[in-house]
Amino acid sequence: MFTIGSYCIDSQVILAPMAGVTDRPFRQLCRSLGAGLVISEMLTADSSLWSSRKSSLRMDHNGEAEPIAVQIAGGDPEMMAEAARLNAANGAQIIDINMGCPAKKVCKKAAGSALLKDEQLVADILQAVVSSVDIPVTLKFRTGWSNEERNAVRIARIAEDAGIQALALHGRTRADAFLGAAEYDTIANVVNAVNIPVFANGDIDSPHKAKAVLDHTGAAAVMIGRAAQGRPWIFREIAHYLRTGEQLPEPSLTEVRDILCTHLCELYRFYGEFMGPRIARKHASWYLQTVPGSEAFRKTFNAIDNAEEQQTSIQNFFEQLLTKEEKAA
């Protein structure tokens, strides 16, 4: 459908990087369910902090399908360039620069979307990173710092001039955080201003919304974030609809159970016996939040700290749901 450097991406649906969510098990699951590109959790550019367990797990790409895309964040051009070099040496095939995160702890360090206030610094960082590696570099950013300061078109042109090979644009400003509705006019303006692929991001939660946003903006792809939490099959639903115009049926209870159980097993394997079940809790809650009558079960599940017990409880819960479904039929 489009290219990033020498990589041809054959789906118009991309998984957005999300801290605490897009770990290796989730990225691999989303790829298997139709995501054309997945991007790692944000990694600080300060390599002196990479010895922590959290950072080492974020840098684990074993068994991932190409291209491996790693997002880095920071506000110092040389530090960002070094982080890009080290990640390329660690197997990264695309470096993504974060200038979109609205979190206060990130913006306080003059990183993430805080950088949008300083266009010269943006240019310095992008040029330093692009020149430091021989792999493609992409940029994720927001429409501006505030509604009065929407400078996305200028940032996009700076990025293209620096050699950035694709842009992901969230349809909110830094001041918006995740409040209100995303707007797509600015994304359309950026698409018209540059000659590199642009990915539309923000509030895209269904195949119909994805098609409407692509039609409105002319973007090369949509980037899905929060809508994929607990619904990783959204990638195949959107990809199928964009390709055929047909809506896939919702996954059956049996398939949801199987996807969830497989996902949890991968979390246990990746994080270990202690952290795995704890990380699994939030994912199970996302999967089940729209299942009627699941509230009491989710509270019970969140008290379980043993992987085998978690799996058994999930199996029993879905067995009850399937029995009810059969009786209702």
What pairs can you find where one residue is in segment 69-81 and over 15 Å from Ala114 (Cα atoms), the other is among the basic types (Lys, Arg), and their Cβ atoms are less than 9 Å apart, with a gap of 6+ or different chains?
-> Val70/Arg58; Gln71/Lys140
Which residue out of Pro232, Pro207 is open to solvent by less than 10 Å² (accessible area, probe 1.4 Å) and touching an Asp or Glu at 6+ places or on another chain (Cβ under 8 Å)?
-> Pro207
Close pairs (7 angstrom Cβ cut-off, 6 or more residues apart or separate chains): among the hydroxyl-bearing types (Ser, Thr, Tyr) in segment 155-184, modelled with pLDDT of 95 or more and outside any loop (DSSP other than H, G, I, E, B) anywhere = Tyr184/Ala200; Tyr184/Val213; Tyr184/His216; Tyr184/Thr217
Return the residue satisfying two criteria in turn: it lies in segment 296-318 and is surrounded by 12 or more Cβ atoms within 10 Å (Cβ to Cβ), of a type in the set (D, E, K, R) and assigned to a helix (DSSP H, G or I), and of such residues it is modelled with the lowest pLDDT.
-> Arg298
Selection within segment 73-104 - polar (S, T, N, Q) and either surrounded by fewer than 22 Cβ atoms within 10 Å (Cβ to Cβ) or in a strand (DSSP E or B) (or both) = Asn90, Gln93, Asn98
Select from segment 233-251 the residues that are part of a helix (DSSP H, G or I) and under 17 Å from Val213 (Cβ atoms) and list them in ascending order.
-> Ile234, Phe235, Glu237, Ile238, Ala239, His240, Tyr241, Leu242, Arg243
Find all pairs meeting these conditions: Cβ atoms under 6 angstrom apart; at least six residues apart or on different chains; first residue within segment 216-230 and within 12 Å of Val21 (Cβ to Cβ) and free of Cβ contacts under 8 Å to residues at least 12 places away in the same chain; second residue among the small types (Gly, Ala, Ser) and not in a strand (DSSP E or B).
-> none
Test for Gly293: is it on the phi > 0 side of the Ramachandran plot, open to solvent by 20 Å² or more (accessible area, probe 1.4 Å) and part of a helix (DSSP H, G or I) | no
Hits in segment 164-213 (condition: of a type in the set (Asp, Glu) and at pLDDT 95 or above) = Glu183, Asp185, Asp203, Asp205
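Can we say Ile135 is more than 30 Å from Ser285 (Cβ to Cβ) and either crowded, with 16+ Cβ neighbours inside 10 Å or at pLDDT 95 or above (or both)?
On the way: more than 30 Å from Ser285 (Cβ to Cβ): yes; either crowded, with 16+ Cβ neighbours inside 10 Å or at pLDDT 95 or above (or both): yes.
Yes: the conditions hold for Ile135.
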Criterion: of a type outside the set (S, T, N, Q), buried (at least 18 other Cβ atoms within 10 Å of the Cβ) and touching a Gly at 6+ places or on another chain (Cβ under 9 Å) - qualifying residue of Val222, Val256, Val213, Val190 | Val213
Within the set of pairs 6+ apart or on separate chains, which have a first residue in segment 252-266 that is part of a loop (DSSP other than H, G, I, E, B), a second that is of a type in the set (Asp, Glu) and open to solvent by 40 Å² or more (accessible area, probe 1.4 Å), and C-beta atoms under 7 Å apart?
-> none
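In the set Ile234, Ile187, Ile204, which member is aliphatic (A, V, I, L, M) and under 19 Å from Gly144 (Cα atoms)? Can you show your working first?
Numbers: Ile234 fails: under 19 Å from Gly144 (Cα atoms); Ile204 fails: under 19 Å from Gly144 (Cα atoms).
Being aliphatic (A, V, I, L, M) and under 19 Å from Gly144 (Cα atoms) holds for just one of Ile234, Ile187, Ile204, which is Ile187.
Which residues, counting only those in segment 22-49, are charged (D, E, K, R), assigned to a helix (DSSP H, G or I) and open to solvent by less than 10 Å² (accessible area, probe 1.4 Å)? So that I can check it myself, show each step before the final result.
First, the residues of segment 22-49 that are charged (D, E, K, R): 23-24, 27, 31, 41, 46.
Subset that is assigned to a helix (DSSP H, G or I): 24, 27, 31.
Matches in segment 22-49: Arg27 only.
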Matching residues in segment 253-289 - criterion: being at pLDDT 95 or above and within 19 Å of Ser206 (Cβ to Cβ) = Glu255, Val256, Ile259, Trp286, Tyr287
Which of the residues that make up segment 62-72 are out of contact with any helix residue (DSSP H, G or I) (no Cβ under 6 Å at 6 or more places or on another chain) and either open to solvent by less than 50 Å² (accessible area, probe 1.4 Å) or aliphatic (A, V, I, L, M) (or both)?
-> Glu64, Pro67, Ile68, Ala69, Gln71
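The values are calculated or read from the model by the stated rules, or taken from the named source; none is laboratory data. All values derive from a computational prediction rather than experimental measurement. A quick note on method: Cβ atoms are made from the backbone with ideal geometry, for glycine too, and the neighbour counts reach across all protein chains shown. Keep in mind that these areas ignore ligands, DNA and RNA; they rest on the heavy atoms of the full protein, side chains included. Shrake-Rupley method; radii C 1.70, N 1.55, O 1.52, S 1.80 Å.
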